[in-house]
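Have a look at the structure below, then the notes.
The values are calculated or read from the model by the stated rules, or taken from the named source; none is laboratory data. Bear in mind that the values here come from a model prediction, so they are computed numbers and not experimental data. Here the Cβ positions follow ideal geometry from the backbone for every residue, glycine too, while neighbour counts run over all protein chains shown.
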Amino acid sequence: MKRAAALWLALLLPAAGVADPPVKTTARDAALADKLAAGQAAAAAAIRGLEEQTAQYGSQLADLQAAQAQSSQRLVAAEADLAKLLPVMQRLSTAPASTLLAAPLPPGDAVRGLALLRGVAQTIAAQAHMVQIENAQLTALITAGQESQKRLVLAAAAQAQAEAAVARQIAAARAAEMAAADTQAAAITARLQAANRLDTINDAVKNLVPRAASPARITAGAGGAPVAGSIVQRFGAETLAGPATGISYAAAPGALVTAPCAGTVMFAAPFPSYGLMVIADCGHGDSVVLAGMQQLDVAQGQHLVHGQPLGTMLRFNPAKPAYQPRLYVELRQNGRPVDPTPWLIGGHSG
């Protein structure tokens, strides 16, 4: 949806000659919003351990499934090699004399023939042993996979139960602090849709996030991981579109995505090719982009505390228990993409 992003410029890019009424907030409203946001951040941090466990079990199950596939392929190959030799041994076992006498040989050749047959027999025995080993390994992997899947299902259920309580908390907080901003944004949607268009992340960051007068200072480890899971694509990795300008996490299904900084939501909506995306201004010229969520729990203009939930990843699917959704993360310094890994690694957000 090429123009869906235009709505979220409501508080930032008023049209010339048209003044939009400011959102009226009081010190009491701001204090309540901060308190609600801090509560969300604390709740998200409390269940991060459950999400990490789900991610770990999902990764283990994926590894076991890959090992099962490889073992199954080796077993098929070993059985095929054994099948080629079995007819020879079957004939020797049922009619050894006729087999040896079918083509009369000089004594020396006969001795060499017997030695060759003995070698064939040893090869067959070794191949049969290999089939037994591969079959045993595959059976063990299947059993381990079944147990891992059981642990994953239980972990996902515990995680979902904990996240349901956080979701109710988020819904109540959002209704309390965003009603005025949502009303104002809705009133000027048509004008903004006609005046603005965002097609790329570069456009969004350039138009949405204010530039700092001096370079940002990014403290290593200050952000914390925005989601439970592991990094599967590094900054600068080769992609079809060129070197990656961000990193990607294999996340726990249904995991909460949390803010790696305090700041302001500059964009929260679907974005072409990226799905649901949030851009947050972290201050001092730093901005962070997070994309790939199934649900958003924040809106444009909303103030954020560090560790506050921004949205959730795709939910756990029992039909695909090993699937881990991907979260894309960019860190921008005065609009320029930089490697977010040192900033994010070193602790969990919240």
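Hey, does segment 238-257 have a residue that's of a type in the set (Gly, Ala, Ser), farther than 30 Å from Ala43 by Cα, modelled with pLDDT of 75 or more and exposed (fewer than 15 other Cβ atoms within 10 Å of the Cβ)? Yes, segment 238-257 has at least one match. Inside segment 265-306, residues that are assigned to a strand (DSSP E or B), polar (S, T, N, Q) and crowded, with 21+ Cβ neighbours inside 10 Å make up a count of 1. Tell me which residues, restricted to segment 307-350, are of a type in the set (S, T, N, Q) and either in a loop (DSSP other than H, G, I, E, B) or farther than 18 Å from Ile201 by Cα (or both). The answer is Gln308, Thr312, Asn317, Gln324, Asn334, Thr341, Ser349. Against the test of being out of contact with any strand residue (DSSP E or B) (no Cβ under 6 Å at 6 or more places or on another chain) and either modelled with pLDDT under 80 or not in a helix (DSSP H, G or I) (or both), the options Ala41, Ala80 yield a single qualifying residue, Ala80.
How many residues are touching a helix residue (DSSP H, G or I) at 6+ places or on another chain (Cβ under 8 Å) and modelled with pLDDT under 70 when one looks only at segment 156-185?
Looking only at segment 156-185, we keep the residues that are touching a helix residue (DSSP H, G or I) at 6+ places or on another chain (Cβ under 8 Å), and these are 156, 158-159, 162-163, 165-166, 169-170, 172-173, 176-177, 185.
Still in the running and modelled with pLDDT under 70: 172-173, 176-177, 185.
Adding up the residues that qualify gives 5.
The set of residues in segment 275-310 that are modelled with pLDDT under 95, under 15 Å from the mean Cα position of the chain (by Cα) and at positive phi contains only Gly275. Scanning segment 136-163 for residues being aliphatic (A, V, I, L, M), surrounded by 19 or more Cβ atoms within 10 Å (Cβ to Cβ) and within 19 Å of the chain's Cα centre (by Cα) gives a total of 3.
A quick yes/no check of all residues on (1) out of contact with any His (no Cβ under 9 Å at 6 or more places or on another chain); (2) assigned to a helix (DSSP H, G or I); (3) over 30 Å from Pro337 (Cα atoms); (4) modelled with pLDDT of 75 or more:
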{"residue": "Arg151", "(1), (2), (3), (4)": "yes, yes, yes, yes"}
{"residue": "Leu154", "(1), (2), (3), (4)": "yes, yes, yes, yes"}
{"residue": "Ala190", "(1), (2), (3), (4)": "yes, yes, yes, no"}
{"residue": "Arg197", "(1), (2), (3), (4)": "yes, no, no, no"}
